[in-house]
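Participant: So that we are looking at the same thing, I have put the structure below in structure tokens.
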Amino acid sequence: MQARRDWIAGPAGPVHGTFDVPGDKSVSHRAVMLAGIAEGVSHVRGFLEGEDTRATARIMQQLGVRMETPAPGQRIVHGVGLHGLRGSDAPLDCGNAGTGMRLLAGLLAGQAFDSTLVGDASLSRRPMRRVSDPLQQMGAVVETREGGLPPLTLRGGHSLHGIEYAPPMASAQVKSAVLLAGLYAQGETVVREVRPTRDYTERMLAAFGWPVQMEPGYVRLRGGATLQGGEVVVPGDFSSAAFPLLAAVITPGSHLRLRAVGLNPRRTGLLEVLRRMGADITVHEAREEAGETLADLEIRHAPLRGIDVPVEHVSDMIDEFPALFVAAACAEGVTRVRGAAELRVKESDRIDAMARGLRTLGVTVEETPDGADIVGQGEGRFGGGEIDSHGDHRIAMSFAVAASRSAEAVHILDCAAVDTSFPDFVAQAGQWGLDLRVRETR
Ligand code: S3P
């Protein structure tokens, strides 16, 4: 039996210093996928060495793409061209990664061979009809387990045709699956979104030379062009930066700088919302690298007040709600979240997981179907207790930070999934100033 990894997080003082954060998970997935089906050699720098993105790299290798790792965080990808992938008899294991599975479903829907995508227990509970439906409309043959759950089998040899698709939920993964299938489709593929979501797929396709027409919430491309490999520079992941940022925002006396964080506007909703709550965050040295904006973030502690989170920010901070819930618990007054039902189908039901965990620490939280009301307790300290992360990396990291404001230790259960997005979290958290110990149990 595998050891279970729990954390014991203790109260901590202010966080200080200047730090880097891991490479962006979304960009890293896309970089190895697109480089794999491009012509020529691509050099990816800043690749996230997390389990999710390594699983995607491994799958591309299983499909015949040669990849070298000259140093951690780098991949040299020998592209096989749009039609150069070859099938694998073995299942393609996406691990914990919804992004990996949904984007690969799009990439593999139009191939000449069959593929089966599998995942771990958490991924095997996540909805896949949101991608199988549009792919079937494009002419793909996709099989799922009962209830639209993984494994996903994509039957090869079916020609695809472009569609105009309006996903019922705001989802960059669904948009990306349709666009990637669109590369292999006859004619035009158009995606119109209910709310604009992260646009890395379309931007990277354009950077690799595929003609793409895009504006916020709208993308159009035609099948049958080619991708040309090149350099990909992966920015620091804003969603990983959110945890040290949160620690500095909620802990009196803190002063922290985070270097080279990706500030794609479709990712930075948390910045806007925390500033409205009173946070003191300054952006320095904003610069463009490989089509993405990077900057350093300087954070000083300041008291927070509760707000109604504007619904238009929800997609732009969809992965940051666990962190926002903790900030809200440290604010004066109530913070209201609505329009965020998608949180219930992430690596865990994040509304439920955060509400239960915060209640354990003594915070009042009322759940609604698409959000929650969090009653902040200002600068007061939380209680301690035992919290189930539900095997969800972002729940575990949020409570590790919350514990710094507790009066007693917080035991956080089942934290191994943090390796999917932030493999060095415990060591780095110690450097920021958090008190976090690992306990392996059998
Ligand atoms: C992602 C899109 C989002 C996000 C996930 C990464 C991506 O998911 O939650 O962590 O890289 O496209 P949805 O598309 O399901 O909202």
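The values are calculated or read from the model by the stated rules, or taken from the named source; none is laboratory data. Treat the numbers as computed from the prediction; the structure is a model and nothing was measured. Every residue, glycine as well, gets a Cβ built from its backbone with ideal geometry; the counts of neighbours run over all protein chains shown. Keep in mind that these areas ignore ligands, DNA and RNA; they rest on the heavy atoms of the full protein, side chains included. Shrake-Rupley method; radii C 1.70, N 1.55, O 1.52, S 1.80 Å.
Participant: Quick one: net charge of Pro196's neighbours, Cβ under 12 Å, K/R +1, D/E -1? Provide the component values of the computation, followed by the final result.
Facilitator: Numbers: positive: Lys175, Arg192, Arg195, Arg198, Arg266, Arg267; negative: Glu193, Asp199, Glu202, Glu215, Glu312, Asp316.
Summing Lys/Arg as +1 and Asp/Glu as -1 gives 0.
Participant: Follow-up question, since we're still on this one. Beta carbons within 10 angstrom, averaged per residue: use that to sort the peptides 68-77, 367-376, highest first. Don't skip to the end; give the middle numbers.
Facilitator: Values: 68-77: 14.7, 367-376: 18.1.
In descending order of packing, they fall as 367-376, 68-77.
Participant: Can you give the FRET efficiency for Asp20 and Ala302, using 1/(1 + (r/R0)^6), R0 = 22 Å, r = Cβ-Cβ distance, to the nearest 0.05?
Facilitator: Efficiency, rounded to the nearest 0.05: 0.35.
Participant: Report the net charge of residues surrounding Ser239, where surrounding means a beta-carbon distance below 14 angstrom and charges are Lys +1, Arg +1, Asp -1, Glu -1.
Facilitator: Cβ neighbours under 14 Å give a net charge of -1.
Participant: Something else now. Going out from 0 in 10 Å bins, what whole percent of all Cα-Cα distances in the chain drops into each bin?
Facilitator: Spelled out bin by bin, the chain gives 5, 22, 32, 25, 13, 3, 0 percent.
Participant: Go through the stretch 400-417 residue by residue and turn each phi into a ³J(HN,Hα) via Karplus (6.51, -1.76, 1.60, θ = phi - 60°); whole Hz please, and just put x for glycine and proline.
Facilitator: Karplus-based 3J(HN,Hα) across the stretch 400-417 equals 4, 6, 4, 4, 4, 9, 8, 8, 9, 5, 10, 9, 10, 8, 6, 9, 4, 5 Hz.
Participant: For a quick check: with amide H placed at 1.01 Å from N, whose amide H comes under 5 Å from Phe19's, ignoring anything fewer than 5 positions away on the same chain?
Facilitator: Under 5 Å from the amide H of Phe19: Arg257, Leu258, Arg259.
Participant: Related question: With labels modelled as points extended 7 Å from the Cα through the Cβ direction, what inter-label distance (nm, one decimal) is found for Arg276 paired with Arg45?
Facilitator: With each label point 7 Å from Cα toward Cβ, the separation is 3.8 nm.
Participant: Suppose every K and R has +1 on its Cβ and every D and E has -1 on its Cβ; what is the size of the dipole of the chain about the Cα centre, in Debye to the nearest 20?
Facilitator: It works out to roughly 340 debye.
Participant: Positive end of the dipole of the chain, charges at C-beta (+1 Lys, Arg; -1 Asp, Glu), about the Cα centre: which of Ala71, Pro167, Gly224 has its Cα farthest in that direction?
Facilitator: Gly224
Participant: Turning to a different aspect of this structure: How large is the dipole of the stretch 59-168 about the Cα centre if only Lys and Arg carry +1 and Asp and Glu carry -1, each at its Cβ, rounded to the nearest 20 debye?
Facilitator: 160 debye
Participant: Now for a separate question. Probe radius 1.4 Å, ligands and nucleic acids left out: which of Asp319, Asp20 has the largest accessible area, and how do the rest follow?
Facilitator: Final ranking, largest accessible area leading: Asp20, Asp319.
Participant: OK, next. Once the whole set of protein chains is in place, how much accessible area is left on His161, using a 1.4 Å probe, in Å² to the nearest 10?
Facilitator: 90 Å²
Participant: Stokes-Einstein D for the stretch 25-233 at 20 °C, 1.002 mPa s, Kirkwood Rh over Cα pairs, in µm²/s?
Facilitator: D, rounded to a whole number, is 129 µm²/s.
Participant: Continuing with this model, one more query. Under 5 Å between amide H atoms, partner at least 5 residues away or on a different chain: which partners does Asp280 have, H built in plane at 1.01 Å?
Facilitator: HN-HN under 5 Å from Asp280: Arg300, Ala302.
Participant: Taking the Cα centre of each part, how many Å lie between the stretch 417-442 and the stretch 233-260?
Facilitator: 15 Å
Participant: For Val80, list long-range residues whose amide hydrogen, built 1.01 Å from N in the peptide plane, is under 5 Å from its own amide hydrogen.
Facilitator: Here the answer is Ile37, Ala38, since their amide H atoms fall under 5 Å of that of Val80.
Participant: Taking a probe of 1.4 Å, how large is the accessible area per residue of the stretch 25-233, in Å²?
Facilitator: Per-residue accessible area for the stretch 25-233 comes out at 37 Å².
Participant: Hey, any idea what % of the stretch 161-260's accessible area is carbon plus sulfur with a 1.4 Å probe?
Facilitator: About 49 percent, which is the carbon plus sulfur part of the accessible surface.
Participant: Next question. Under 12 Å from a label point 7 Å along Cα→Cβ of Val311: give me every residue in the stretch 184-205 with its amide N that close.
Facilitator: Only 195 pass the distance filter.
Participant: Suppose R0 equals 41 Å. What FRET efficiency, 1/(1 + (r/R0)^6) with r the Cβ-Cβ distance, do Ala166 and Ala90 give to the nearest 0.05?
Facilitator: Taking R0 as 41 Å, the efficiency between Ala166 and Ala90 is 0.70.
Participant: What distance in nm separates the simple spin-label points at Asp352 and Ala407, each placed 7 Å from Cα in the Cβ direction?
Facilitator: 3.1 nm
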